[in-house]
Every structure is written in C-alpha cells, then in structure tokens.
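Take a look at the structure set out below.
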Amino acid sequence: MDCIFCKIAAGEIPSKKVYEDDMILAFHDISPASPVHILVIPKEHIPCANNINSNNSNVVAHIYEVIPKIAKEQGIGEKGYRIVNNCGEDGGQTVGHLHFHVLGGRNLKWPPG
Ligand code: AMP
Ligand code: ZN
C-alpha cells in the first residue's frame with residue numbers, strides 16, 4: 001500500500017521520532033504549524049476517524065494516554081496544547097492514515113477557521 005505514514009511506521013521513510021511502542025509512533029511534523037508540532041499515529045493503517053470501531057478504538061485510547069507524556073517531554077504540558085484530527089477533504093486531511101496533531105508552544109487561535 002502506498003501510504004507515507006505506513007512507510008514511516010515501518011522505518012522505510014525516516015522521521016524525527018519522539019515516541020514509539022508496539023502500537024503507535026510519534027514524530028515531528030515535517031512542516032510545523034507551531035513551535036511544537038508532533039504527529040501521533042497508529043502503526044496499523046486506519047484511514048481516518050470514520051474507520052474507528054470497537055475492534056481498533058483501543059489504539060486511539062492508547063494514543064490519548066501517551067499524548068500527555070509527549071506533551072510534558074516537549075515542554076508544553078503545563079501551558080497547554082491542542083490535539084487535532086482531520087478527517088476527509090473538508091476536514092483538511094492530506095495523509096490518509098489516521099493521525100493526531102499535537103500543537104503547542106504558542107497561543108493557538110480558536111476557532112481555527
Ligand atoms: P493532515 O493535513 O491532517 O492530513 O496532516 C498531514 C500532516 O503530515 C501535515 O501536517 C504534513 O506536514 C505532515 N507530513 C507529511 N509528510 C510528512 C513526513 N514525511 N514526515 C513528517 N510529517 C509529514
Ligand atoms: Zn497507512
């Protein structure tokens with residue numbers, strides 16, 4: 001399958017890893033939108049939020065358990081951060097492998113527009 005995040009998870013494309021375990025991987029976004037911009041992905045290919053179900057939602061729960069640890073390590077745990085999951089064309093999704101943006105290091109505008 002021609003999926004860039006599957007290739008990153010398999011180590012076929014390099015990434016600046018900040019966390020890895022058997023289920024998930026976190027790495028720096030190549031085009032950061034904020035001073036801290038980490039992507040957290042399941043190693044399993046899940047296209048987007050529409051494909052989360054009772055068989056795979058444990059990986060999403062795991063991602064949400066790990067994000068606060070990553071945020072703390074990145075120095076944004078206390079001041080705060082935003083977790084973003086884009087789904088589909090109108091959601092702004094450009095890579096069709098479920099991923100969670102962790103954004104911080106500056107005051108983020110809301111609503112995002
Ligand atoms: P989205 O628009 O929500 O699908 O987010 C995809 C994100 O992946 C964007 O923020 C891109 O900058 C990022 N991205 C694309 N290719 C790479 C890569 N090879 N390494 C790290 N981040 C990437
Ligand atoms: Zn994939």
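Any read-out appearing in this document is the output of simple, stated calculations on the displayed coordinates, not a laboratory observation. Since the model is a prediction, treat every value here as computed from it, not as a measurement. FYI the Cβ positions are ideal-geometry reconstructions off the backbone, even for glycines, and counts take in every protein chain you see.
Remarks
- Residue that is surrounded by the fewest Cβ atoms within 10 Å (Cβ to Cβ), among those in the range 89-104 that are within 16 Å of ligand 2 (Cβ to nearest atom) and of a type in the set (Val, Ile, Thr): Thr94
- Only residues that are more than 16 Å from ligand 2 (Cβ to nearest atom) and within 17 Å of Lys109 (Cα to Cα) were counted in the range 75-88, giving 7.
- Only one entry of Gly80, Gly96 meets the criterion of being small (Gly, Ala, Ser) and over 18 Å from Phe5 (Cβ atoms), and that entry is Gly80.
- Filtered by the rule that a residue be surrounded by 15 or more Cβ atoms within 10 Å (Cβ to Cβ) and near ligand 1 (Cβ under 8 Å from one of its atoms), the range 6-27 gives Ile8, Ser15, Phe27.
- Residue match in the range 40-50 (condition: surrounded by fewer than 17 Cβ atoms within 10 Å (Cβ to Cβ), polar (S, T, N, Q) and away from ligand 2 (no atom under 15 Å from the Cβ)): no
- Of all residues in the range 1-16, those that are under 12 Å from the mean Cα position of the chain (by Cα) and away from ligand 2 (no atom under 14 Å from the Cβ) total 0.
- Top-ranked residue in the range 67-83 [being within 16 Å of His28 (Cα to Cα) and surrounded by fewer than 17 Cβ atoms within 10 Å (Cβ to Cβ); ranked as farthest from the chain's Cα centre (by Cα)]: Gly75
- Near pairs, Cβ below 8 angstrom, 6+ apart or cross-chain, from the range 1-27 (over 19 Å from Val102 (Cα atoms)) to any residue that is of a type in the set (Lys, Arg): Ile13/Lys7; Asp22/Lys43
- For the range 35-48, the criterion of being free of Cβ contacts under 8 Å to residues at least 24 places away in the same chain and not in a loop (DSSP other than H, G, I, E, B) is satisfied by no residue at all.
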